[in-house]
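Below is one structure, written out as structure tokens; the observations come after it.
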Amino acid sequence: MCSHYQTLKDAELLLRKFGVTRPGVLSRYDMWPRYQGVFVRRPPEHDAGDEAAAQREAVAGRWGLISALTKPYGLDKAAKLSTFNARSESAATSFTFGHAWRRGQHCIIPADAIFEPDWRSGKAVATRFTRADGAPLGVAGLWDRFRDAAGQWQESYTMLTINADEDPLFRDYHQAGKEKRMVVILPEGAYGDWLTAPADQSRDFLVPFPPDKLVAIPMT
């Protein structure tokens, strides 16, 4: 799982690689759960038949998904949950993620880097993962919107994860004896298909990124 990443800082790269412009000024570079970050999605208006709507849009939202099904009295509890990552194996039947999964509300989280802890020395060593070719990462996620206490719609998102017990790279991270997990990093050629894929095709995209195309640097 990933609880720390660096958002894509370069606005030109955001436009060139993801086809969108940043919504406002970049407020945070290092992202932690519950911070406001940027994600890319197909506009709901486009799916509703508005041909004038853009193919893609960049949206600012809470990193830590809160379901649209959450009632006002449940907002405080929902906000405290660790919903920044979603297990792909159980997302469809989860209360928190099920609404977004069943509706195919796919998104991409642009990132300069993600971080995972290396426990092989006996203590956690934060390790920064980037693409070997210098391109930004596009992490597969889900988005949803919820009504806040004032009744206003707010956006939120999560990163999808898969098992990494057998992955040549990510199996070396996280604590011994615990299941290894990794976020889904999409190849650039899959960005458009992921954003438009129906829910029943979601799992087709949830595969490991080639380990030889990533670089891991310990932050010591």
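Points worth noting:
- Residue within the stretch 65-72 that is assigned to a loop (DSSP other than H, G, I, E, B) and at pLDDT below 95 present: yes
- Candidate set: the stretch 106-123, residues that are touching a residue at least 24 places away in the same chain (Cβ under 8 Å) and open to solvent by 30 Å² or more (accessible area, probe 1.4 Å); chosen: the one nearest to A78 (Cα to Cα): P117
- Subset of the stretch 163-185 (residues that are of a type in the set (A, V, I, L, M, F, W, C) and open to solvent by less than 80 Å² (accessible area, probe 1.4 Å)): A164, L169, F170, M182, V183, V184, I185
- Cβ pairs under 9 Å, 6+ apart, first in the stretch 204-220 and more than 14 Å from I162 (Cβ to Cβ), second β-branched (V, I, T) and at pLDDT below 95: P218/V125; M219/V125; T220/V125
- F39, sole failed condition from (1) aromatic (F, W, Y); (2) in contact with a Lys or Arg (Cβ under 9 Å, 6 or more places away or on another chain); (3) closer than 18 Å to Q105 by Cβ: (2)
- Test for R103: is it open to solvent by 10 Å² or more (accessible area, probe 1.4 Å), within 23 Å of N163 (Cβ to Cβ) and at pLDDT 95 or above: no
- Options W143, W119, W153: the member that is farther than 22 Å from K17 by Cα and in contact with a Lys or Arg (Cβ under 8 Å, 6 or more places away or on another chain): W153
- The number of residues in the stretch 124-134 being open to solvent by less than 10 Å² (accessible area, probe 1.4 Å), out of contact with any Asp or Glu (no Cβ under 6 Å at 6 or more places or on another chain) and either not in a strand (DSSP E or B) or not hydrophobic (A, V, I, L, M, F, W, C) (or both) comes to 0.
- The listed residue being at pLDDT below 95 and open to solvent by less than 60 Å² (accessible area, probe 1.4 Å), out of G24, G19: G24
- Qualifying residue in the stretch 17-40 (condition: closer than 20 Å to A91 by Cα and in a loop (DSSP other than H, G, I, E, B)): yes
- Any hit, the stretch 70-83, residues being touching a Ser or Thr at 6+ places or on another chain (Cβ under 7 Å) and buried (at least 21 other Cβ atoms within 10 Å of the Cβ): yes
The values are calculated or read from the model by the stated rules, or taken from the named source; none is laboratory data. Just so we're clear, the structure is a prediction, and the values are computed from it rather than from any experiment. Neighbour counts run over all protein chains shown; Cβ positions are idealised from the backbone, glycine included. Accessible surface areas use protein heavy atoms only, side chains included; no ligands, DNA or RNA. Shrake-Rupley method; radii C 1.70, N 1.55, O 1.52, S 1.80 Å.
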